[in-house]
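*Asks:* Questions regarding the structure given below will be posed in turn.
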Amino acid sequence: MELQFKNVSKKFDNVYAVKDVSYTMGKGVYGLLGVNGAGKTTLMRMLCTVLNPTEGNITWDGKDIFKLGATYREKLGYLPQDFGYYPDLTVYDYMMYIASIKGLRPIVAKKRSIQLLEQVGLEKYKKRKMRTLSGGMIRRVGIAQAMLNNPHILVLDEPTAGLDPNERIRFRNLISELSAERLVLLSTHIVSDIEFIANEIIMMKAGGFCYTGTSEQIISSMSMSVWNCVVPQKEISNYIEKYKVGNVKATAGGVELRILSQTPPTENAIQEEATLEDAFLSYFGEKAGDRNDA
(Lines give C-alpha, C1' and ligand atoms only; values in the text may rest on other atoms or scores of the structure.)
Protein backbone atom coordinates (compact mmCIF):
# COMPACT_ATOMS: atom_id res chain seq x y z
CA MET A 1 0.00 0.00 0.00
CA GLU A 2 1.88 3.05 -1.26
CA LEU A 3 0.63 6.42 -2.47
CA GLN A 4 3.31 8.60 -4.01
CA PHE A 5 3.43 12.20 -5.20
CA LYS A 6 6.23 12.76 -7.72
CA ASN A 7 7.08 16.44 -8.41
CA VAL A 8 3.37 17.31 -8.50
CA SER A 9 2.34 20.86 -9.40
CA LYS A 10 -1.00 22.50 -10.21
CA LYS A 11 -1.20 25.89 -11.89
CA PHE A 12 -4.22 28.16 -12.32
CA ASP A 13 -3.76 31.14 -14.66
CA ASN A 14 0.03 31.01 -14.30
CA VAL A 15 -0.20 30.89 -10.51
CA TYR A 16 0.87 27.71 -8.70
CA ALA A 17 -1.64 26.44 -6.12
CA VAL A 18 0.60 23.39 -5.56
CA LYS A 19 4.26 23.43 -6.57
CA ASP A 20 6.72 20.56 -6.95
CA VAL A 21 5.38 18.30 -4.20
CA SER A 22 7.03 14.90 -3.66
CA TYR A 23 6.04 12.55 -0.84
CA THR A 24 5.31 8.88 -0.15
CA MET A 25 2.53 7.60 2.13
CA GLY A 26 1.62 4.18 3.43
CA LYS A 27 -0.91 2.86 5.93
CA GLY A 28 -1.76 5.24 8.80
CA VAL A 29 -3.03 8.75 9.47
CA TYR A 30 -1.42 11.72 7.74
CA GLY A 31 -2.32 15.22 8.87
CA LEU A 32 -2.09 17.95 6.22
CA LEU A 33 -1.73 21.18 8.18
CA GLY A 34 -1.68 24.71 6.77
CA VAL A 35 -3.40 28.09 6.69
CA ASN A 36 -5.98 29.33 4.21
CA GLY A 37 -4.63 29.29 0.65
CA ALA A 38 -1.79 26.85 1.34
CA GLY A 39 -2.97 24.49 -1.41
CA LYS A 40 -4.41 21.71 0.76
CA THR A 41 -7.76 21.38 -1.03
CA THR A 42 -6.17 21.54 -4.48
CA LEU A 43 -3.78 18.74 -3.51
CA MET A 44 -6.64 16.60 -2.21
CA ARG A 45 -8.73 17.17 -5.32
CA MET A 46 -5.84 15.95 -7.45
CA LEU A 47 -5.46 12.91 -5.20
CA CYS A 48 -9.16 12.19 -5.75
CA THR A 49 -8.77 12.65 -9.56
CA VAL A 50 -11.10 15.68 -9.56
CA LEU A 51 -8.21 17.80 -10.91
CA ASN A 52 -5.34 16.80 -13.17
CA PRO A 53 -1.83 17.90 -12.17
CA THR A 54 -0.18 20.46 -14.43
CA GLU A 55 3.14 18.72 -13.84
CA GLY A 56 4.30 15.50 -12.20
CA ASN A 57 2.22 12.45 -11.37
CA ILE A 58 0.53 10.61 -8.50
CA THR A 59 0.87 6.84 -8.24
CA TRP A 60 -0.82 4.09 -6.25
CA ASP A 61 1.40 1.04 -5.82
CA GLY A 62 3.54 2.32 -8.69
CA LYS A 63 0.71 2.96 -11.17
CA ASP A 64 -0.55 6.39 -12.27
CA ILE A 65 -3.92 7.03 -10.59
CA PHE A 66 -5.36 8.78 -13.66
CA LYS A 67 -4.50 5.82 -15.87
CA LEU A 68 -5.99 3.43 -13.30
CA GLY A 69 -9.23 5.45 -13.47
CA ALA A 70 -12.22 3.59 -12.01
CA THR A 71 -9.97 0.87 -10.59
CA TYR A 72 -8.29 3.50 -8.40
CA ARG A 73 -11.53 5.32 -7.49
CA GLU A 74 -12.95 2.03 -6.19
CA LYS A 75 -10.23 2.15 -3.52
CA LEU A 76 -10.99 5.77 -2.62
CA GLY A 77 -13.30 7.38 -0.04
CA TYR A 78 -13.63 11.17 -0.10
CA LEU A 79 -15.27 13.68 2.22
CA PRO A 80 -14.95 17.17 0.69
CA GLN A 81 -15.21 20.24 2.90
CA ASP A 82 -18.69 20.90 1.52
CA PHE A 83 -20.49 17.81 0.27
CA GLY A 84 -23.87 17.88 -1.42
CA TYR A 85 -26.97 16.01 -0.27
CA TYR A 86 -30.70 16.05 -0.90
CA PRO A 87 -32.24 17.61 2.25
CA ASP A 88 -35.50 15.67 1.98
CA LEU A 89 -33.86 12.25 1.79
CA THR A 90 -33.68 10.27 5.01
CA VAL A 91 -30.21 9.41 6.28
CA TYR A 92 -30.64 5.79 5.23
CA ASP A 93 -31.99 6.70 1.78
CA TYR A 94 -29.06 9.08 1.26
CA MET A 95 -26.62 6.30 2.12
CA MET A 96 -28.35 3.94 -0.30
CA TYR A 97 -28.32 6.61 -3.01
CA ILE A 98 -24.55 7.12 -2.64
CA ALA A 99 -24.06 3.35 -2.55
CA SER A 100 -25.84 3.05 -5.90
CA ILE A 101 -23.56 5.73 -7.40
CA LYS A 102 -20.55 3.76 -6.15
CA GLY A 103 -21.90 0.62 -7.80
CA LEU A 104 -22.58 -1.45 -4.67
CA ARG A 105 -25.06 -4.29 -5.02
CA PRO A 106 -28.30 -3.56 -3.06
CA ILE A 107 -27.78 -6.39 -0.54
CA VAL A 108 -24.23 -5.18 0.16
CA ALA A 109 -25.34 -1.54 0.25
CA LYS A 110 -28.00 -2.23 2.88
CA LYS A 111 -25.60 -4.11 5.12
CA ARG A 112 -22.82 -1.51 4.80
CA SER A 113 -25.20 1.42 5.34
CA ILE A 114 -26.58 0.05 8.60
CA GLN A 115 -23.13 -1.03 9.80
CA LEU A 116 -21.58 2.39 9.12
CA LEU A 117 -24.47 4.36 10.60
CA GLU A 118 -24.01 2.33 13.77
CA GLN A 119 -20.26 3.00 13.69
CA VAL A 120 -20.74 6.78 13.46
CA GLY A 121 -23.49 6.76 16.10
CA LEU A 122 -26.41 7.55 13.79
CA GLU A 123 -28.27 4.23 13.47
CA LYS A 124 -31.24 5.51 15.50
CA TYR A 125 -31.47 8.57 13.21
CA LYS A 126 -31.57 6.62 9.96
CA LYS A 127 -35.19 7.61 9.27
CA ARG A 128 -34.56 11.29 9.96
CA LYS A 129 -34.40 13.64 6.97
CA MET A 130 -30.99 15.08 6.25
CA ARG A 131 -32.22 18.66 6.67
CA THR A 132 -33.13 17.99 10.31
CA LEU A 133 -29.59 16.96 11.33
CA SER A 134 -27.08 19.12 13.17
CA GLY A 135 -23.79 20.14 11.55
CA GLY A 136 -21.91 17.47 13.49
CA MET A 137 -24.36 14.77 12.46
CA ILE A 138 -24.11 15.82 8.81
CA ARG A 139 -20.31 15.47 8.97
CA ARG A 140 -20.71 11.99 10.49
CA VAL A 141 -23.00 11.00 7.63
CA GLY A 142 -20.27 12.37 5.35
CA ILE A 143 -17.68 10.02 6.82
CA ALA A 144 -20.12 7.11 6.63
CA GLN A 145 -20.78 7.69 2.91
CA ALA A 146 -17.03 7.98 2.26
CA MET A 147 -16.57 4.55 3.86
CA LEU A 148 -19.33 2.75 1.92
CA ASN A 149 -16.92 1.07 -0.50
CA ASN A 150 -14.54 0.11 2.35
CA PRO A 151 -11.77 2.24 0.80
CA HIS A 152 -8.03 1.70 1.05
CA ILE A 153 -7.56 5.49 0.95
CA LEU A 154 -9.78 7.82 3.00
CA VAL A 155 -9.45 11.54 2.19
CA LEU A 156 -11.03 14.04 4.59
CA ASP A 157 -10.95 17.77 3.76
CA GLU A 158 -11.52 19.92 6.87
CA PRO A 159 -13.80 17.26 8.42
CA THR A 160 -14.34 19.18 11.68
CA ALA A 161 -15.05 22.60 10.15
CA GLY A 162 -17.78 24.30 12.17
CA LEU A 163 -18.07 21.57 14.80
CA ASP A 164 -18.18 22.14 18.55
CA PRO A 165 -15.42 20.70 20.81
CA ASN A 166 -17.39 17.56 21.74
CA GLU A 167 -18.09 16.74 18.09
CA ARG A 168 -14.39 17.29 17.31
CA ILE A 169 -13.39 14.75 19.93
CA ARG A 170 -15.95 12.26 18.59
CA PHE A 171 -14.54 12.79 15.10
CA ARG A 172 -10.93 12.24 16.16
CA ASN A 173 -11.86 9.01 17.92
CA LEU A 174 -13.77 7.83 14.86
CA ILE A 175 -10.90 8.64 12.50
CA SER A 176 -8.47 6.72 14.73
CA GLU A 177 -10.82 3.74 14.65
CA LEU A 178 -11.19 3.87 10.86
CA SER A 179 -7.46 4.16 10.20
CA ALA A 180 -6.46 0.67 11.35
CA GLU A 181 -6.12 -0.91 7.91
CA ARG A 182 -6.03 2.03 5.51
CA LEU A 183 -4.35 5.28 4.57
CA VAL A 184 -6.14 8.34 5.96
CA LEU A 185 -5.24 11.85 4.78
CA LEU A 186 -6.86 14.56 6.86
CA SER A 187 -6.60 18.22 5.88
CA THR A 188 -7.09 20.88 8.54
CA HIS A 189 -5.94 24.20 9.94
CA ILE A 190 -6.88 23.13 13.48
CA VAL A 191 -3.89 21.59 15.26
CA SER A 192 -5.89 19.64 17.84
CA ASP A 193 -7.58 17.66 15.04
CA ILE A 194 -4.34 15.85 14.23
CA GLU A 195 -1.87 16.41 17.07
CA PHE A 196 -2.57 13.10 18.80
CA ILE A 197 -3.90 10.90 15.98
CA ALA A 198 -1.58 11.57 13.01
CA ASN A 199 1.33 9.22 12.46
CA GLU A 200 2.90 11.91 10.30
CA ILE A 201 2.18 15.60 9.93
CA ILE A 202 2.73 17.49 6.68
CA MET A 203 2.92 21.26 7.07
CA MET A 204 1.95 22.97 3.82
CA LYS A 205 2.72 26.56 2.90
CA ALA A 206 2.44 28.46 -0.41
CA GLY A 207 1.71 25.26 -2.34
CA GLY A 208 4.64 23.23 -1.01
CA PHE A 209 5.48 20.90 1.86
CA CYS A 210 7.66 22.95 4.20
CA TYR A 211 8.02 20.52 7.15
CA THR A 212 7.11 16.86 7.57
CA GLY A 213 7.46 14.38 10.41
CA THR A 214 5.89 13.36 13.69
CA SER A 215 4.49 15.96 16.05
CA GLU A 216 7.58 15.59 18.24
CA GLN A 217 9.96 16.03 15.29
CA ILE A 218 8.22 19.18 14.09
CA ILE A 219 8.21 20.68 17.57
CA SER A 220 11.90 19.90 18.08
CA SER A 221 12.77 21.56 14.75
CA MET A 222 11.59 24.96 15.99
CA SER A 223 14.31 27.62 16.11
CA MET A 224 12.54 29.57 18.87
CA SER A 225 11.69 28.80 22.48
CA VAL A 226 8.35 29.36 24.19
CA TRP A 227 8.12 31.81 27.08
CA ASN A 228 5.40 32.75 29.54
CA CYS A 229 5.53 36.24 31.02
CA VAL A 230 3.31 38.88 32.60
CA VAL A 231 3.43 42.44 31.24
CA PRO A 232 1.47 45.64 31.95
CA GLN A 233 -1.75 46.07 29.99
CA LYS A 234 -0.48 49.24 28.27
CA GLU A 235 2.53 47.39 26.79
CA ILE A 236 0.64 44.57 25.04
CA SER A 237 0.75 46.17 21.59
CA ASN A 238 4.54 46.53 21.81
CA TYR A 239 5.01 42.83 22.51
CA ILE A 240 2.54 41.76 19.81
CA GLU A 241 4.41 43.93 17.30
CA LYS A 242 7.84 42.63 18.31
CA TYR A 243 7.14 38.93 18.95
CA LYS A 244 4.98 36.04 17.82
CA VAL A 245 2.38 35.86 20.58
CA GLY A 246 0.43 32.63 20.91
CA ASN A 247 -1.85 33.55 23.79
CA VAL A 248 -3.03 36.62 25.70
CA LYS A 249 -4.69 36.24 29.10
CA ALA A 250 -5.74 39.00 31.51
CA THR A 251 -4.60 38.50 35.11
CA ALA A 252 -4.74 40.51 38.34
CA GLY A 253 -1.12 41.59 37.88
CA GLY A 254 -1.34 42.56 34.21
CA VAL A 255 -1.52 40.45 31.05
CA GLU A 256 -0.03 36.97 30.70
CA LEU A 257 1.54 36.32 27.29
CA ARG A 258 2.78 33.14 25.61
CA ILE A 259 5.63 34.31 23.39
CA LEU A 260 7.90 32.66 20.83
CA SER A 261 11.41 34.07 20.98
CA GLN A 262 15.03 32.90 20.85
CA THR A 263 15.77 34.86 24.03
CA PRO A 264 13.66 35.69 27.12
CA PRO A 265 11.31 38.58 26.21
CA THR A 266 11.27 39.87 29.83
CA GLU A 267 13.33 39.37 32.98
CA ASN A 268 10.51 37.39 34.62
CA ALA A 269 9.85 35.17 31.56
CA ILE A 270 9.54 31.45 32.29
CA GLN A 271 10.39 28.94 29.58
CA GLU A 272 7.53 26.58 28.70
CA GLU A 273 7.37 23.26 26.86
CA ALA A 274 6.56 23.82 23.19
CA THR A 275 3.47 22.32 21.56
CA LEU A 276 2.43 21.70 17.96
CA GLU A 277 0.30 24.84 18.24
CA ASP A 278 3.49 26.81 18.96
CA ALA A 279 5.19 25.19 15.96
CA PHE A 280 2.26 26.25 13.76
CA LEU A 281 2.66 29.83 14.96
CA SER A 282 6.42 29.66 14.48
CA TYR A 283 6.24 28.44 10.89
CA PHE A 284 3.11 30.18 9.63
CA GLY A 285 3.14 33.39 11.64
CA GLU A 286 -0.43 33.03 12.89
CA LYS A 287 -2.35 30.94 15.37
CA ALA A 288 -3.87 27.67 14.27
CA GLY A 289 -7.62 27.83 13.77
CA ASP A 290 -7.78 31.62 13.52
CA ARG A 291 -9.33 31.28 10.10
CA ASN A 292 -12.21 28.96 9.39
CA ASP A 293 -11.81 28.42 5.65
CA ALA A 294 -9.31 26.10 3.99
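*Asks:* Out of curiosity, is residue 49 of a type outside the set (A, V, I, L, M), open to solvent by less than 60 Å² (accessible area, probe 1.4 Å), in a loop (DSSP other than H, G, I, E, B) and modelled with pLDDT of 90 or more?
*Replies:* Numbers: of a type outside the set (A, V, I, L, M): yes; open to solvent by less than 60 Å² (accessible area, probe 1.4 Å): yes; in a loop (DSSP other than H, G, I, E, B): yes; modelled with pLDDT of 90 or more: yes.
Judged against the criteria, residue 49 is a match.
*Asks:* Based on this model, can you work out whether residue 214 counts as among the hydroxyl-bearing types (Ser, Thr, Tyr), out of contact with any helix residue (DSSP H, G or I) (no Cβ under 6 Å at 6 or more places or on another chain) and under 22 Å from residue 4 (Cβ atoms)?
*Replies:* On the way: among the hydroxyl-bearing types (Ser, Thr, Tyr): yes; out of contact with any helix residue (DSSP H, G or I) (no Cβ under 6 Å at 6 or more places or on another chain): yes; under 22 Å from residue 4 (Cβ atoms): yes.
In short, yes.
*Asks:* Specify which of the listed residues (175, 153, 138, 143) is β-branched (Val, Ile, Thr) and open to solvent by 10 Å² or more (accessible area, probe 1.4 Å). Before you say what the answer is, go through the steps one by one.
*Replies:* Working: 175 fails: open to solvent by 10 Å² or more (accessible area, probe 1.4 Å); 153 fails: open to solvent by 10 Å² or more (accessible area, probe 1.4 Å); 143 fails: open to solvent by 10 Å² or more (accessible area, probe 1.4 Å).
Within the list 175, 153, 138, 143, the selection yields 138.
*Asks:* Among the candidates 32, 104, 43, single out the residue that is assigned to a helix (DSSP H, G or I), within 24 Å of residue 175 (Cβ to Cβ), open to solvent by less than 60 Å² (accessible area, probe 1.4 Å) and not aromatic (Phe, Trp, Tyr).
*Replies:* From the options 32, 104, 43, the qualifying one is 43.
*Asks:* Name every residue in region 107-132 that is buried (at least 19 other Cβ atoms within 10 Å of the Cβ) and not in a helix (DSSP H, G or I), in order of residue number.
*Replies:* 120, 122
*Asks:* Can you tell me which residues in region 222-238 are farther than 25 Å from residue 212 by Cα and open to solvent by 40 Å² or more (accessible area, probe 1.4 Å)? I'd like the intermediate steps shown before the answer.
*Replies:* Initial filter on region 222-238 (farther than 25 Å from residue 212 by Cα): 228-238.
The answer is 230, 232, 233, 234, 235, 237, 238.
*Asks:* Next question. Residues being farther than 22 Å from residue 71 by Cα and without any contact (Cβ under 8 Å) to a residue 12 or more places away in the chain: count how many of those fall in region 108-133.
*Replies:* Going through region 108-133 one residue at a time, the tally reaches 6.
*Asks:* While we're looking at this one, here's another question. Say we look at region 158-172 and pick out the residues that are in contact (Cβ under 8 Å) with a residue 40 or more places away in the chain and open to solvent by 10 Å² or more (accessible area, probe 1.4 Å); which of these is nearest to the chain's Cα centre (by Cα)?
*Replies:* Here is the first cut: in region 158-172, the ones in contact (Cβ under 8 Å) with a residue 40 or more places away in the chain are 158-159, 161-162, 170.
Right, trim to open to solvent by 10 Å² or more (accessible area, probe 1.4 Å) and you get 161-162, 170.
Numbers: 161: 9, 162: 13, 170: 15 Å.
Across region 158-172, the extreme among qualifying residues is 161.
*Asks:* Could you grab me the full set of residues in region 199-220 that are over 22 Å from residue 79 (Cβ atoms) and open to solvent by 60 Å² or more (accessible area, probe 1.4 Å)?
*Replies:* 205, 206, 211, 212, 216, 217, 220
*Asks:* So residue 196 passes all but one of these: (1) surrounded by 14 or more Cβ atoms within 10 Å (Cβ to Cβ); (2) modelled with pLDDT under 90. Which condition number does it fail?
*Replies:* Going through (1) surrounded by 14 or more Cβ atoms within 10 Å (Cβ to Cβ); (2) modelled with pLDDT under 90 one by one, residue 196 breaks only (1).
*Asks:* Still on this structure: In region 162-182, which residues are modelled with pLDDT of 80 or more, in a helix (DSSP H, G or I) and touching a strand residue (DSSP E or B) at 6+ places or on another chain (Cβ under 8 Å)?
*Replies:* 175, 176
*Asks:* Which count do you get for residues in region 4-22 that are surrounded by fewer than 16 Cβ atoms within 10 Å (Cβ to Cβ) and closer than 19 Å to residue 156 by Cβ?
*Replies:* Of the residues in that region, 0 qualify.
*Asks:* Oh, and also: Give me a count of the residues in region 58-90 that are of a type in the set (Val, Ile, Thr), modelled with pLDDT of 95 or more and under 25 Å from residue 187 (Cα atoms). Break it down into steps so the answer makes sense when it comes.
*Replies:* First, the residues of region 58-90 that are of a type in the set (Val, Ile, Thr): 58-59, 65, 71, 90.
Subset that is modelled with pLDDT of 95 or more: 58-59, 65, 90.
After this cut, where a residue has to be under 25 Å from residue 187 (Cα atoms) as well, the list is 58-59, 65.
Number of matching residues: 3.
*Asks:* Can I ask one more? Which of the helices (runs of 4 or more DSSP H) contained wholly in region 183-285 include at least 3 residues that are touching a residue at least 40 places away in the same chain (Cβ under 8 Å)?
*Replies:* Numbers: elements: 215-220, 236-242, 276-284.
Here the list reads 215-220, 276-284.
*Asks:* In region 156-190, what residues are among the β-branched types (Val, Ile, Thr) and closer than 19 Å to residue 113 by Cα? Even if it seems obvious, please write down each step before you answer.
*Replies:* Restricting attention to region 156-190, the residues satisfying the condition of being among the β-branched types (Val, Ile, Thr) are 160, 169, 175, 184, 188, 190.
Correct list: 175 only.
The values are calculated or read from the model by the stated rules, or taken from the named source; none is laboratory data. In this text the structure is predicted, and so the values were computed from the model without any measurement. Please note: Cβ atoms are built from the backbone with ideal geometry, for glycine as well, and neighbour counts cover all protein chains shown. Ligands, DNA and RNA are stripped out before the accessible areas are found, and what is left, the full protein with its side chains, is counted by its heavy atoms. Shrake-Rupley method; radii C 1.70, N 1.55, O 1.52, S 1.80 Å.
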